[in-house]
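Novice: Provided herewith is a single structure, encoded as structure tokens, for subsequent inquiry.
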Amino acid sequence: MTTATTPTAGKKPFIGPTQAIVLAMAIGILLGFLFPSADYPGLTTFFKAVSSVFLRMIKSLIVPLLFATLVVGIAGHGDDMKKVGRLAFRSIVYFEIVTTLALFLGLAAVNLVKPGSGISLATASAEKGSAFAQSQVTFSSVIEHMVPASFFDAAAKNEVLQIVFFAILFAVGLSRVPGKPKEFMLQFCESLSEVMFKFTGLVMSFAPWGIGAAIAVTVGTSGVAVLKSLGLLIATLYGALIVFVVAVLIPVALLARIPVRRFWSFVKEPWLIAFSTASSEAALPRAFEQMEKFGVPKRIVAFVLPTGYSFNLDGSTLYLAVAAVFAAQAGGIEMSFGQQLLMMLTLMLTSKGVAGVPRAALVILSGALTMFGLPLEAVAVLLGVDAILDMARTSINVVGNCLATAVMARWEGEFPDTPPADAAA
């Protein structure tokens with residue numbers, strides 16, 4: 001007997017994953033507009049549950065995927081600590097240059113547009129802001145937080161930076177182990193990595209449902225009224241982020257000889273996931289897979305991408321610059337250029353390594369406002385549109401980190417001049 005093949009075998013699906021996500025976003029916006037959470041709380045609860053299920057599935061695969069691929073990338077290809085250290089140094093240099101540019105661009109935008117000038121803080125409460133301010137972050141605490149006290153505790157909390165730190169030390173130790181023990185562990189990690197990529201494919205098939213639900217919750221909760229009152233702030237941030245992409249990220253890609261159009265074809269799906277869910281974690285597995293298909297070596301993707309999630313938050317850094325000066329403008333406080341620079345330096349240091357903190361940007365912002373005597377009522381105002389602002393800054397974080405992997409691969413001399421034969425967006 002011969003096995004019959006289906007006539008659709010090998011054909012592309014009617015609608016691709018990116019198109020499905022766009023369609024889901026459009027439906028989610030419509031549902032959120034037609035069924036606002038104030039009038040339909042039960043439906044909003046259901047949407048939140050669907051979105052939460054998707055995000056939980058994503059989070060469940062991050063730790064095994066990162067650990068397995070990083071160990072194989074380092075121990076499986078003969079890398080030594082010197083090579084890893086060189087990649088780490090180059091990555092940190094790149095991260096600091098790009099995030100500094102983002103910071104100054106945000107500072108220029110908010111001083112030019114002045115979105116806080118027409119905002120009144122009289123009706124806002126400082127209590128919400130003070131709640132965030134109690135969770136102040138210091139640079140020394142960030143350094144300490146990088147090292148896990150327990151791998152299993154870090155894995156349970158999805159502490160990406162701690163997992164990276166542990167995986168690097170584990171891989172370096174494994175590279176020094178001779179014979180069968182090393183072969184066994186490498187085979188185990190390679191098998192785990194392959195399984196987790198298949199797992200990612202299964203989870204991503206649920207993405208349109210989870211993303212559509214997340215968008216419906218955002219639109220249904222925020223509504224249109226809040227967009228009118230803080231429209232200038234939203235426009236300032238979105239406009240500044242667009243300028244950042246055009247004036248910084250694209251020139252960086254061109255200088256590193258990264259094909260921009262082809263890069264975008266691979267990164268657009270992770271970008272859409274990050275934008276619609278406002279979660280960097282949700283986009284990480286897909287970004288991982290797409291950057292490997294793009295031609296970036298696994299060891300570079302496995303190190304640079306998760307490290308960038310803590311140290312290369314371009315969108316969040318730009319947002320902090322805009323939000324901090326917005327608070328001063330809304331409170332009628334004149335800040336000199338020197339004071340603004342000092343505040344930017346503080347934000348730059350305290351914004352590292354806190355990507356896993358819920359509403360991390362607001363936590364950092366509240367601490368900075370307290371330190372510089374600016375009104376915490378501004379945080380309460382920002383909370384009204386934080387979901388919309390978060391979508392923009394998170395999606396740019398993901399694009400910036402994907403580009404960082406390609407730039408590091410070029411810097412290391414490991415980026416292919418011709419596309420891989422099996423690469424497909």
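Novice: Over the Cα atoms of region 17-411, compute the convex hull volume and normalise it per residue, giving Å³.
Specialist: Cα convex hull per residue, to the nearest whole number: 134 Å³.
Novice: What distance in nm separates the simple spin-label points at Asp39 and Gln19, each placed 7 Å from Cα in the Cβ direction?
Specialist: Each label point lies 7 Å from its Cα, and together they span 3.3 nm.
Novice: With the Cα gyration tensor of region 156-291 in hand, convert its eigenvalues to equivalent ellipsoid semi-axes via √(5λ) and list them largest first in whole Å.
Specialist: 37, 21, 15
Novice: Give me Thr277, Thr236, Thr418 ranked fewest to most by other Cβ atoms within 10 Å of their Cβ, as a rough exposure proxy.
Specialist: Exposure proxy ranking, most exposed first: Thr418, Thr236, Thr277.
Here, each number is a calculation from the coordinates, and none is a lab measurement. Everything quoted here is computed from the prediction, not taken from an experiment. Every residue, glycine as well, gets a Cβ built from its backbone with ideal geometry; the counts of neighbours run over all protein chains shown.
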